[in-house]
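Just below is one structure, and these are the notes that go with it.
The values are calculated or read from the model by the stated rules, or taken from the named source; none is laboratory data. None of the values given here were measured: they were computed from a predicted structure. Cβ placement follows ideal geometry from the backbone for every residue including glycine, while neighbour counts extend to all protein chains displayed. Quick note on the areas: whole protein, heavy atoms, side chains included, nothing else; ligands and nucleic acids left out. Shrake-Rupley method; radii C 1.70, N 1.55, O 1.52, S 1.80 Å.
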Amino acid sequence: MRAWVRQRAGARVRAALAAALVVAVVLGVGAVGFVFLYHRQLVRTVDGAATQRAQAVAREIDKTGVPTGVLPTERGEPMAVQVVDPAGDVVAWSASLAGLPPISPDRPGDGRIRHEDRHPAGAGGVEYRIAALGVDTPQGTYTVLAAESLDPIDDSVEDAAALLVIGYPVLVLLVAGATYVFVGRALAPVEAIRRKVSGITASRLGERVPVPEARDEIARLAETMNTMLDRVETQVDAQHRFVADAGHELRSPLATLRSGLEILGSRPLPDRDRDMVAMLHAESLRLGGLVDELLLLARADEHELRLADTDVDLDDLAAAERDRLTAQHPELAVDVVLTPLRVRGDPGALTRVLRNLADNAAAHAASRVRIALSAAGGRAVVEVGDDGPGIPEAERDRVFDRFVRLDASRGRTTGGSGLGLAIVRELVAAHGGTVRAEAAPSGGALFRVELPLAD
């Protein structure tokens, strides 16, 4: 049970349960103690009443002598009093005890008053508290026995216990509920910090978590989080600057290298040297493409992507990609479902999105690539799928990270840099759209892009 509470219940629930448990124990002990002391105090009150009644009869004996027969009722109140002579015989009694033997064996000769629980015969089994008071007379020491019923005490104690039993769970529940609410309010700044941190991404590192006004542990936590975000932002900015600077610095020597290789390839060379020059030229082109991709991602990280805002017909772009794939991969069947769709955006960037997805599908397809356009909910939907091995469900988000290759087939030998899908995500996001990886009906991978339709 304890392990379940730790795993399933949050801090608010655990605090409420702990407070309820403590209050339940304290209230339980306090209720038992209260009932015990309350009963004891009521018994003392009854003892006092019995003593006062015995003393009143004793004073009458001192004034008028020992009475005999039925004692008169005092102020119309019923009495349970006996006067016992030195021989132990009842010489006077109240009407309720007529004909009964002494209700107590006590014969105090020293004038002390004693209290005992008794059930006088004929009293209906009612429990009494009896005061025995000795009175010295010329004929000897008489004993006055005065009894008071405990029934009112029992009723009062039962009423008090009933109130405690009714109020006990209500109070425990109130404490638990109040604790739950107050702990929730105390943790509200933590929840605000959590929500803020969950929304901070690599492109929003400039944001900071709110710092509560109270200078407590939560405020120190928020300040520590902001300090950590400062360090992360500084390091990420340094990385972005490095990538951007390195990309810019590499462009010039790469252009020089390509120009030199083109000039060298135009001259008469032995076949082996000509093949080497062609390979170096292809590698320089590949390296130039990688530099361009890095620069594009660096600009995206710095929110410096400059995109055109014009009408773009996605069906025209898809048709062009179909023709390109058919020419480059004659071994693959390229299926295209064209629906006239127009969006607002940059034609070059959207062409790059379709090209990266199409190249990715062609690289992993067994025999078929499918491109489909449709509209749903005021958005253009572009689906690019293949019949290859597919993408494991656990990796469908990670596949859009940079330099991610899920298996050997996604290696550098295929020409992929591991940046194509990352560029797709950045360009789609810059157009206000989303992209996600799913399972294709044919069993391969399916990439679904959604973009806002043009008005």
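Here are the numbers for the structure shown:
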quantity	calculated
Potential lengthening between Glu217 and Val22 on full extension [0.36 nm per residue; Cα-Cα distance subtracted]	67.7 nm
Principal-axis tilt of helix 420-430 within the chain, Cα atoms, nearest 10 degrees	70
List Ile263, Ile218, Ile61, ordered by accessible area with a 1.4 Å probe, largest first	Ile263, Ile218, Ile61
Crossing angle, helix 217-265 versus the chain [Cα axis fit, 0-90 degrees, rounded to tens]	10
Average accessible area per residue (Å²) across the stretch 300-389 - probe 1.4 Å, nucleic acids and ligands excluded	47
Pair Asp292, Leu280: separation of 7 Å Cα→Cβ label points (nm)	2.2
1.4 Å probe accessible area per residue over the stretch 151-221, in Å²	66
Taking the stretch 213-294 and dividing mean pair separation by its residue count, relative contact order in percent (alpha carbons under 8 Å, at least six apart)	34
Heavy atoms of Asp387 accessible to a 1.4 Å probe, total area in Å² rounded to 10	40
Listed residues Ser284, Ser266 arranged by accessible area, highest first, probe 1.4 Å	Ser266, Ser284
Percent carbon-and-sulfur accessible area, the stretch 218-341, ignoring ligands, DNA and RNA, probe 1.4 Å	57
Rounded if a/c under 1.5, otherwise prolate or oblate - the stretch 243-390, Cα gyration tensor axes	oblate
With at most 12 neighbouring Cβ atoms within 10 Å, loop trypsin sites (Lys or Arg not before Pro) (DSSP) excluded, longest segment of the chain	307-455
Taking the C-alpha atoms of the chain, convex hull volume expressed per residue in Å³	296
Heavy atoms of Glu262: accessible area, 1.4 Å probe, square angstrom to 10	100
Rounded tilt (10° steps) of 314-328 against the dominant C-alpha axis of the chain	60
Percentage relative contact order, the chain, counting C-alpha pairs under 8 Å, at least six apart	9
